[in-house]
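The values are calculated or read from the model by the stated rules, or taken from the named source; none is laboratory data. Worth saying up front: this structure is predicted, and the values here are computed from it rather than measured. Cβ placement follows ideal geometry from the backbone for every residue including glycine, while neighbour counts extend to all protein chains displayed.
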Amino acid sequence: MSPTAKVQREGEIWAVGGGKGGTGKTFLTSSLGSFLAKKGRKVVLVDMDIGGANLHSFFGIDRPQRSLTSFFEKGSSLQDILVRTDLDNLTLITGDIHSIASDTITFSQKLKLFRQILKINAQNVLIDLGAGSHLNTLDAFLIADKMVVVLVPEVIAIENMYHFIKNALFRKVKAVLKEYGFKEIVQHVWDRRQEFGIRNLKELIDHLKGSFSFIGTILDNELSRFRVALILNMVRNKQDIFLGTAVKSVLLKYLGVGIEYVGYVEYNDAVWRSVRERKPFMLNYTATAGAANIAAVGDNLLKGGEIVLPGGLG
Ligand SMILES: Nc1ncnc2c1ncn2[C@@H]1O[C@H](COP(=O)(O)OP(=O)(O)OP(=O)(O)O)[C@@H](O)[C@H]1O
Ligand SMILES: [Mg+2]
């Protein structure tokens, strides 16, 4: 199975990534999962942050009895290792807390894991990704139906997210062209990019499309599905909210990537309190602005909608 493969399924896979560490990916995976489960949807959350697995902590679970370790080492199925939570419709596939790095998974283990994730019987499968652009992280991002990125209003986070999306897009382009037997062409053109006056990934893709019309058709088809949903987390003021719109234009201009700005979540002390008290946020802090923000983001993700910005500034 290639990273580009999309299987016709009833449920939807959402992967939550974004490059920078500590932006709230795991918090949002747990909270969006809880939001969906409370709506009565059957939800499975997968902790793919190999080496930094902590999704279970957001549900107040200290040391999960089962984890991906048994999947990798004992051949257990994903069904065998599901961990229950306090929410009726929500189960977890907890991370491999014994391994120290993503490199410990072999290529065939990765493919086996992806194949089984694609077969999980649930209305929503949410994958919590680790920080950085490790190939396993990018591939897990690319198998999703909805590729969600979490950003905080900081310059470094924007840079990291830009690189994360660029790396994912480049991997997708390479995978698509490999599938059709044109892998060498991309590398060749990229290596000689100065000669061709190519300054960024968008220009590389445009060059490939312009020079080889058959490649253009393939890429147009495959890349039309490369759409990213952006969540802005730890927002502290109105300016922060509008940052999402600016980031959207930058990504379109330099990467040619379409983005849906699905909403923001304000900085909320109740979040760390819920983590410290080991009480799931969406079960114990339902009256907070943060919970309302998450519900709005969740609704947009479900319906394919976008945030409506106040004051017509969007
Ligand atoms: N909206 C928020 N308001 C306040 N604190 C938040 C908010 N979102 C996340 N946090 C806090 O930020 C910290 C990091 O969150 P989290 O672990 O979800 O980030 P992450 O992106 O998954 O990090 P990593 O890259 O290490 O996996 C946690 O302590 C969490 O409680
Ligand atoms: Mg995390």
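Assorted remarks:
- Long-range neighbours under 7 Å by Cβ, at least six apart or interchain, first residue closer than 14 Å to Trp14 by Cα within region 113-141, second within 12 Å of ligand 1 (Cβ to nearest atom) and basic (Lys, Arg): Asp128/Lys25; Leu129/Lys25
- Odd one out for Ile50, checked against (1) more than 13 Å from ligand 2 (Cβ to nearest atom); (2) in a loop (DSSP other than H, G, I, E, B); (3) not charged (D, E, K, R): (1)
- Restricting Ile127, Ile156, Ile165 to those that are modelled with pLDDT under 95 and under 17 Å from Ile231 (Cα atoms) reduces the list to Ile156.
- Pair list, Cβ < 6 Å and 6+ apart or interchain, from region 260-286 residues that are farther than 20 Å from Pro64 by Cβ to residues that are among the acidic types (Asp, Glu): Glu260/Glu306; Tyr261/Glu306
- Residue count for region 13-38, restricted to those that are modelled with pLDDT of 95 or more, near ligand 1 (Cβ under 9 Å from one of its atoms) and of a type in the set (Lys, Arg): 1
- Restricting attention to region 194-236 and to residues that are farther than 30 Å from Thr29 by Cα and acidic (Asp, Glu), the residue that is surrounded by the fewest Cβ atoms within 10 Å (Cβ to Cβ) turns out to be Glu195.
- Residue satisfying all of: in region 57-98; over 23 Å from the mean Cα position of the chain (by Cα) and assigned to a helix (DSSP H, G or I); surrounded by the fewest Cβ atoms within 10 Å (Cβ to Cβ) among these: Lys74
- The set of residues from region 246-278 being closer than 18 Å to Lys25 by Cβ, acidic (Asp, Glu) and more than 9 Å from ligand 1 (Cβ to nearest atom) comprises just one member, Glu260.
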